[in-house]
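Scroll down for the structure; my scribbles are underneath it.
Read the figures in this text as sums done on the coordinates, not as results from a lab. If you're wondering where the values come from, they're calculated on a predicted model, not measured in any experiment. Methodologically, a virtual Cβ is constructed for each residue, glycine included, from the backbone with ideal geometry; neighbour enumeration extends over all protein chains shown.
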Amino acid sequence: MKNLKTYLLPFVIVGLLFTSCKQAKKAPEEGKNETNSIVEVPQNLKWSERMMLSEIIRFPEASKLDFVSTPRWSYTNGLVLMACSKVYEQTGNQKYYDYIYEYADSLIDSTGTIATYSLSSQNLDMIKSGDVLLYLYDRTKEERFLKAMQTLNSQMSSQPRTSDGGYWHKKIYPYQMWLDGLYMAEPFHALYTKTFIEDDEKAQENYDDIVLQFDLIQKHSRDEKTGLLYHGWDESREQKWANKETGNSPHLWSRGMGWYGMALVDVLDFLPENHPGREKLISYLNQYAEAVVKVQDESGLWYQVLDLGDREGNYLEATGSSMFTYVFAKGAHKGYLPDKYLAVAEKAYKGIIDNLITVEDNGVVNLTKCCSVAGLGGNPYRDGSFEYYINEPIRNNDPKGTGPFILASLELNK
């Protein structure tokens, strides 16, 4: 019997090793990120690069950046990838450029057709990733990228409008302007015009139209009492969320204001110095900054519903806080805002690091307390109430937060 045990022992050991290998291979099926176990994010890097590396670990395919199972063309990809381009420009690490290129390469065919994009949907959100194409075409001169950009730019001509010229946010949301739309479309529209429109008259028309969108948001969405802007405006007053007198949605939403602020500081990069609307946009940005600072929490962060921080259920939210930090830092650096707003950005950034950032054992960085999604109308119907905003799902590492966090980190050189 002793000899038999001795004889069988090697087979038992091999069997146990084989079983443990099979179990290890099962780990990804059980929801573990296999990449996390083998890739580390060095903690001696700047926060911008640490978060960008973490995003690549979380989403190895850039076309699936927003927790989706199949590739898609969307605004969240454009947001994070343009942040990635700035990390690439700072570091020269080819990994970041390849990540950006893979997104466009996988979704745009040889004819310039963009997979999952529909021009007929007239959705302003889909313009945002055009920024990626502007970036890549400047470096590759690939004809397919130019054709795809031309398609996106054509949407700016066919997009339905309100009676005074404001873009509907989407075809399915008739007569509605949302703060989001300014960021989704106008930086692309401005840079495309600057880069490709050679006819001076047409270029001037485009720049005038870009400024008009900001004029209309200021006219229709600004709350005179607080200086903040409402998330949505319905010209028809038909939506259940719309105030029957003003057409505004009921509340002042953090990320909506964040989108608008980022639109202002980014469009100013491309609007000609001699355009008469330029000083007007800078004045809008200063009004905006004054209003947003008034509702900043002592922690440096901002609440999901901006002006109701003391109301039960409200919470300090990461995506809006990251956006505001970027807006204040860039606005001050560019000279659009007084220097005092740089201190506001520093305080906000410290609040993010102290309260919303966690780091895993392998160095992967997480941004917590992100509102995953919020909108108005649709099915199921979103009524824009306080209860609606605070009860939308909260998750870690939403790209609407990680992208602005990277941008803010770069502006503050942290």
Hey, which of these cross-link pairs are over 21 Å Cα-Cα: LYS350/LYS414; LYS46/LYS95; LYS147/LYS334; LYS170/LYS400; LYS128/LYS414?
LYS147/LYS334; LYS128/LYS414
Any number yet on Rg/Rh for the stretch 323-414, C-alpha, Kirkwood?
1.06
Could you give the distance between the Cα centres of the stretch 275-291 and the stretch 65-142, to the whole Å?
29 Å
Quick one: the Cα spread of the stretch 239-313 along its three principal axes, in angstroms, biggest first?
47, 36, 15
Ellipsoid semi-axes in whole angstrom, largest first, where each is sqrt(5λ) of the Cα gyration tensor of the stretch 43-96:
20, 12, 9
Of the candidates LEU53, LEU407, TYR101, the farthest towards the positive dipole end of the chain (Lys/Arg Cβ +1, Asp/Glu Cβ -1, centred on the Cα centre) is LEU53
Which residues in the stretch 371-414 have a backbone N closer than 17 Å to a point placed 7 Å from the Cα of GLN90 along the Cα-to-Cβ line?
401-414
The Kirkwood hydrodynamic radius of the chain, taken as the inverse of the mean 1/r over all distinct Cα pairs, in Å, comes to 22.6 Å
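Scaled to the compact-protein estimate 2.2 N^0.38 Å, what is the alpha-carbon radius of gyration of the stretch 296-366, rounded to two decimal places? Write out the running numbers ahead of the final one.
Numbers: Rg = 13.4 Å, N = 71, 2.2 N^0.38 = 11.1 Å.
Against the compact-globule rule of thumb, the ratio is 1.21.
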Test of understanding: given the chain, find the longest segment containing no chymotrypsin sites (Phe, Trp or Tyr not before Pro) that are in a DSSP loop and have at most 13 other Cβ atoms within 10 Å.
68-380
Where does the stretch 154-214 land on Rg(C-alpha)/(2.2 N^0.38 Å)?
1.10
Computed curve, the stretch 185-302, Cα-only Debye sum without solvent term, log₁₀ I(q)/I(0) at 0.13, 0.20, 0.21 Å⁻¹, is -0.58, -1.09, -1.14
